[in-house]
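S.K.: Questions regarding the structure given below will be posed in turn.
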Amino acid sequence: MFRLARAQTSITTTSKALGGSRRLFVRLNSSFAIPESQKGVIFYENGGKLEYKDLPVPKPKPNEILINVKYSGVCHTDLHAWKGDWPLPVKLPLVGGHEGAGVVVAKGENVTNFEIGDYAGIKWLNGSCMSCELCEQGYESNCLQADLSGYTHDGSFQQYATADAVQAAQIPKGTDLAEIAPILCAGVTVYKALKTADLQPGQWIAISGAAGGLGSLAVQYAKAMGLRVLGIDGGPGKEELFKSLGGEVFIDFTKSKDMVADIQEATNGGPHGVINVSVSEAAISMSTEYVRPTGVVVLVGLPAHAYVKSEVFSHVVKSISIKGSYVGNRADTREAIDFFTRGLVKSPIKVVGLSELPKVYELMEAGKILGRYVVDTSK
């Protein structure tokens with residue numbers, strides 16, 4: 001059953017608080033036919049069955065756009081949302097996903113920054129209040145009222161999804177939507193982390209988890225920013241991928257007998273900064289040992305129930321810093337996308353059907369993924 005979109009269609013909703021009905025106008029272009037139902041993957045309890053099934057197409061609020069999602073990247077955060085092992089409770093039932101790239105097919109009456117037919121992206125940060133101190137200072141992701149795609153707001157593992165127009169990513173027309181999908185979270189996240197490290201061209205950056213979805217992008221952003229890149233990872237094919245992306249020195253943790261010594265020797269005293277995108281608690285703590293004096297350790301990966309441990313005497317005497325970096329704001333998003341559109345960063349992806357999402361989660365849990373998996377919502 002399809003509802004044919006017209007130039008402007010009204011949806012009537014009833015509000016008890018307002019004492020009656022009100023009309024919500026959603027602008028729709030006549031060139032699009034928006035179905036009443038769609039395919040998506042949903043779960044009803046943490047760790048429960050991932051069901052590929054028919055779902056109703058959501059209707060955008062006055063401040064939202066409706067995106068026909070073509071592709072969505074699969075992030076480790078999606079796995080945590082499904083398992084429910086983070087201290088932040090998830091919306092249930094939930095459609096996960098927060099790296100969705102597609103086409104705007106409808107918009108609410110208050111939306112002025114998108115037109116029907118524009119390319120748009122769904123990010124982890126679906127929306128924020130935009131009026132608190134944190135939002136005003138550009139820390140929208142830290143807003144206490146933040147709405148999170150694929151966590152507190154149904155995300156991009158469906159063919160149609162909504163996003164707050166203020167936070168939705170603007171994607172240039174003609175962009176490969178499959179390749180840009182991982183940039184919307186993984187790319188923005190590692191780009192922001194590199195900015196947080198605040199290093200100078202020619203300095204060493206170590207990337208722990210360098211061949212994974214985030215790490216493979218971090219290598220490229222770091223290279224484009226003029227940094228020397230040391231990658232840390234282990235397993236078949238990972239060094240080859242790292243070197244193909246422009247990385248300089250690779251340390252295989254499955255082969256090294258003394259990680260700290262090997263890393264410090266390769267970087268003439270230790271890297272100036274470390275980006276931890278791996279989900280290994282031990283690897284995160286080790287980074288405080290091999291970073292050079294006055295260096296900075298940036299925490300990005302979020303292993304469940306983990307702690308970073310830094311021996312206090314060395315921490316003080318070396319004068320190192322440990323910083324958390326949590327996704328990016330709208331400016332970070334524009335900049336990260338710009339690196340991609342200029343060809344400075346490419347997404348090493350493997351595209352599979354949305355119906356294969358449970359298999360992707362299995363590979364992710366086993367640590368067998370190189371680069372990033374992207375799901376095609378039409379399959």
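S.K.: I want to check the label-to-label distance for residue 144 and residue 252. Put each point 7 Å from Cα in the C-beta direction and report it in nm to one decimal.
M.R.: Calculated label separation equals 5.1 nm.
S.K.: Another question, if that's okay. Please list, in order along the stretch 306-311, the HN-Hα scalar couplings obtained from phi with the Karplus expression 6.51 cos²θ - 1.76 cosθ + 1.60 (θ = phi - 60°), rounded to whole Hz, x for Gly and Pro.
M.R.: Each residue of the stretch 306-311 in turn: 8, 10, 9, 10, 10, 5 Hz.
S.K.: Roughly speaking, what is the stretch gain from residue 265 to residue 131, that is 0.36 nm per residue apart minus the C-alpha to C-alpha distance, in nm to one decimal? Before the final figure, lay out the partial values.
M.R.: Values: separation 134, 0.36 × 134 = 48.24 nm, distance 4.83 nm.
Here the answer is 43.4 nm.
S.K.: Given an 8 Å cut-off on Cα distances and at least 6 residues of separation, report the relative contact order of the stretch 187-324 as a percent. Working shown, then result.
M.R.: Details: 274 pairs, mean separation 30.9, N = 138.
Rounded, it is 22 percent for the stretch 187-324.
S.K.: I want the local charge near residue 256. Using Cβ-Cβ distances under 14 Å, sum +1 for each Lys or Arg and -1 for each Asp or Glu among the other residues. All intermediate terms of the calculation are to be shown ahead of the outcome.
M.R.: Details: positive: 238, 255, 257; negative: 233, 239, 252, 258, 262, 265, 289.
Combined, the nearby Lys, Arg, Asp and Glu give -4.
S.K.: Kindly identify the stretch 187-324 as rounded, prolate or oblate by the Cα gyration tensor criterion: order the square roots of the eigenvalues as a ≥ b ≥ c, call it rounded if a/c is under 1.5, otherwise compare a/b with b/c, prolate if a/b is larger, else oblate. Don't jump to the answer; show the numbers that get you there.
M.R.: On the way: a/c = 1.29, a/b = 1.22, b/c = 1.06.
Rounded is the answer for the stretch 187-324, as its axis ratio a/c remains below 1.5.
S.K.: Additional query: Which Cα, out of 360, 273, 152, lies furthest along the positive dipole direction of the chain (beta carbon charges, K/R +1, D/E -1)?
M.R.: The residue sitting farthest along the positive end of the dipole is 152.
S.K.: Per-residue ellipticity at 222 nm for the chain, helices alone: DSSP H runs ≥ 4 residues times -39500 (n - 2.57), over residue total, nearest 500 deg cm²/dmol? All intermediate terms of the calculation are to be shown ahead of the outcome.
M.R.: Working: 11 runs with 93 residues, N = 379.
Theoretical 222 nm ellipticity from helices: -6500 deg cm²/dmol.
S.K.: Which one of 184, 169, 343 is farthest out on the positive end of the charge dipole of the chain, using unit charges on Cβ (Lys, Arg +1; Asp, Glu -1) and the Cα centre as origin?
M.R.: Comparing the listed Cα positions along the dipole, 169 ranks first.
S.K.: For the stretch 91-101, in order, what is each residue's ³J(HN,Hα) by Karplus, 6.51 cos²θ - 1.76 cosθ + 1.60 with θ = phi - 60°, in whole Hz (x at glycine and Pro)?
M.R.: 5, 10, x, 9, 9, x, x, 8, 10, x, 10
S.K.: Once the Cβ-Cβ distance between residue 362 and residue 335 is put in as r, and R0 is 35 Å, what FRET efficiency do you end up with, to the nearest 0.05?
M.R.: 0.55
S.K.: GNM, the chain, Cα, under 10 Å: largest mean-square fluctuation among 143, 75, 129?
M.R.: 129
S.K.: So for the stretch 289-379, if I pair up every lysine 8 or more residues apart or on another chain, how many of those pairs have alpha-carbons under 19 Å apart? Could you put the intermediate results ahead of the total?
M.R.: On the way: 309/318; 309/323; 350/359; 350/368; 350/379; 359/368; 359/379.
The result is 7.
S.K.: Indicate the gyration tensor shape class of the chain (rounded, prolate or oblate), computed on the Cα atoms with a ≥ b ≥ c the square roots of the eigenvalues: a/c under 1.5 is rounded; otherwise a/b larger than b/c is prolate and the rest oblate.
M.R.: Values: a/c = 2.03, a/b = 1.89, b/c = 1.07.
Here the chain falls in the prolate category.
S.K.: If you take the square roots of the eigenvalues of the alpha-carbon gyration tensor of the stretch 304-349 and sort them as a ≥ b ≥ c, do you get rounded (a/c under 1.5), prolate (a/b over b/c) or oblate?
M.R.: Here the stretch 304-349 falls in the prolate category.
S.K.: Ok, one more. Long-range amide H contacts for residue 171: which residues qualify at under 5 Å (H placed 1.01 Å from N, peptide plane, sequence gap of 5 or more or a different chain)?
M.R.: Those qualifying (amide H under 5 Å, at least 5 residues apart or on another chain) are 119, 120, 121.
S.K.: Whole-Hz ³J(HN,Hα) for each residue in the stretch 112-122, computed from phi via Karplus 6.51 cos²θ - 1.76 cosθ + 1.60 with θ = phi - 60°, x for glycine and proline: what do you get?
M.R.: 10, 9, 9, 10, 4, x, 5, 7, 8, x, 9
S.K.: In a GNM of the chain with a 10 Å cut-off on Cα contacts, which of 313, 43, 340 has the highest mean-square fluctuation?
M.R.: Highest fluctuation of the listed residues: 313.
S.K.: Using amide H atoms built 1.01 Å from N in the peptide plane, name the residues 5+ places from residue 160, or on other chains, whose amide H lies under 5 Å from its own.
M.R.: Excluding prolines and chain starts, which carry no amide H, the hits are 69.
S.K.: Tell me which residues come under 5 Å, amide H to amide H, from residue 106 once H is placed; ignore anything under 5 positions away on its chain.
M.R.: Amide H neighbours of residue 106: 66.
S.K.: With the contact rule set at Cα under 8 Å and sequence spacing of 6 or more, what percent relative contact order holds for the chain?
M.R.: Working: 911 pairs, mean separation 60.4, N = 379.
Value for the chain: 16 percent.
S.K.: Anyone know which of 361, 151, 160 comes out most mobile in the 10 Å Cα GNM of the chain?
M.R.: Of 361, 151, 160, the most mobile in the Gaussian network model is 361.
No value in this document is a laboratory result; all are computed from the given coordinates. Since this is a predicted model, take the numbers as computed values, not measurements. All Cβ positions, glycine included, derive from the backbone under ideal geometry; neighbour counts span all protein chains shown.
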